[in-house]
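> Let me begin by handing over the structure; questions about it come next.
The values are calculated or read from the model by the stated rules, or taken from the named source; none is laboratory data. Bear in mind that the values here come from a model prediction, so they are computed numbers and not experimental data. In this analysis, Cβ positions are derived from the backbone assuming ideal geometry, glycine residues included, and neighbour counts consider all displayed protein chains. Surface areas here come from the heavy atoms of the whole protein model, side chains and all, with no ligands, DNA or RNA. Shrake-Rupley method; radii C 1.70, N 1.55, O 1.52, S 1.80 Å.
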Amino acid sequence: MAQNINPFFSSPSSNSKAKEEKQNVPKDNHAVSKRLQKELMVLMMCTEKGVSAFPDGENLFKWIGTITGPRDTVYSGLVYKLTLEFPHSYPYSAPIVRFITTCFHPNVDHLGNICLDILKDKWSALYDVRTILLSIQSLLGEPNNESPLNPQAAELWNDQTKYKKYLLEEYHREAERTQES
């Protein structure tokens, strides 16, 4: 059986992920909860620097993640918060991941949506929260300018001095706005 096929829905007549998503999956999916609890434990024991995530309160299907910008990049030392919302068909469907902290980046739009292949068509049930966060952290320093969600950032990217200046202005402006609220 293929790695991205949910065995709950596998049958000869089952023909698409869209059909799977439309099925009524129990709200309290024990297998998904168990998988997310396991991933939480792995993250808590993880020695990776610069990535973390925890459930948002009691809801195991919505997490808040934190990514620190990778060293030796324009994002070095900057800290970003993200939301991760897991569908009840996880891990057979990718979570919805968005930046909460405003992130000026070629592959992030003004709403925090991220253009990253592993969150879309290259998703695999083998990926976990740690892999997702590390991939996004890596994307910060190595954007895909061929597929920009933010054309302004993509255009500025080639001049790292101007890019960093604009990035830090935006980041600090957002930090001030957040402190005032």
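> Go through segment 43-52 residue by residue and tally those that are assigned to a helix (DSSP H, G or I) and surrounded by fewer than 12 Cβ atoms within 10 Å (Cβ to Cβ). Steps first, please.
So in segment 43-52, the residues assigned to a helix (DSSP H, G or I) come out as 43-45.
Now restrict to residues that are surrounded by fewer than 12 Cβ atoms within 10 Å (Cβ to Cβ): 44-45.
Looking only at that region, the number is 2.
> When you scan segment 98-119, do you find a residue that is closer than 27 Å to residue 37 by Cβ and assigned to a helix (DSSP H, G or I), even just one?
Start the filter on segment 98-119 by keeping residues that are closer than 27 Å to residue 37 by Cβ, which leaves 98-101, 112, 114, 116, 118-119.
Narrowing the set further to residues that are assigned to a helix (DSSP H, G or I) leaves 118-119.
Checked segment 98-119: at least one residue is closer than 27 Å to residue 37 by Cβ and assigned to a helix (DSSP H, G or I).
> Return the residues of segment 121-146 that are over 20 Å from residue 68 (Cβ atoms), surrounded by 15 or more Cβ atoms within 10 Å (Cβ to Cβ), touching a residue at least 40 places away in the same chain (Cβ under 8 Å) and of a type outside the set (A, V, I, L, M); say none if nothing qualifies. I'd like the intermediate steps shown before the answer.
Residues of segment 121-146 that are over 20 Å from residue 68 (Cβ atoms), as a first pass: 121-127, 144-146.
Keeping just the survivors that are surrounded by 15 or more Cβ atoms within 10 Å (Cβ to Cβ) gives 123, 125, 127.
So of that shortlist, the ones also touching a residue at least 40 places away in the same chain (Cβ under 8 Å) come out as 123, 125.
Once the filter is applied, which keeps residues that are over 20 Å from residue 68 (Cβ atoms), surrounded by 15 or more Cβ atoms within 10 Å (Cβ to Cβ), touching a residue at least 40 places away in the same chain (Cβ under 8 Å) and of a type outside the set (A, V, I, L, M), segment 121-146 yields only 123.
> How many of the residues in segment 53-96 are in a strand (DSSP E or B) and open to solvent by less than 10 Å² (accessible area, probe 1.4 Å)?
Going residue by residue through segment 53-96, those that are in a strand (DSSP E or B) are 53-56, 59-68, 79-85, 96.
Subsequent filtering for residues that are open to solvent by less than 10 Å² (accessible area, probe 1.4 Å) retains 53, 63, 65, 67, 80, 82, 84.
Of the residues in segment 53-96, 7 are in a strand (DSSP E or B) and open to solvent by less than 10 Å² (accessible area, probe 1.4 Å).
> Continuing with the same structure: Can you name the residue in segment 42-79 that is within 23 Å of residue 31 (Cβ to Cβ) and in contact (Cβ under 8 Å) with a residue 40 or more places away in the chain and is also nearest to the chain's Cα centre (by Cα) among such residues?
Filtering first and then ranking leaves 65.
> Look at residue 35 and say whether it is modelled with pLDDT of 95 or more, open to solvent by 50 Å² or more (accessible area, probe 1.4 Å) and in a helix (DSSP H, G or I). Break it down stepwise before answering.
Numbers: modelled with pLDDT of 95 or more: yes; open to solvent by 50 Å² or more (accessible area, probe 1.4 Å): yes; in a helix (DSSP H, G or I): yes.
Answer is yes for this residue.
> Identify all residues within segment 147-171 that are exposed (fewer than 15 other Cβ atoms within 10 Å of the Cβ), modelled with pLDDT of 95 or more and closer than 25 Å to residue 120 by Cβ; write none if there are none.
Hits for segment 147-171 are 151, 152, 155.
> Find all pairs meeting these conditions: Cβ atoms under 7 angstrom apart; at least six residues apart or on different chains; first residue within segment 101-120 and over 22 Å from residue 179 (Cβ atoms); second residue of a type in the set (Lys, Arg) and at pLDDT 95 or above.
113/98; 114/98
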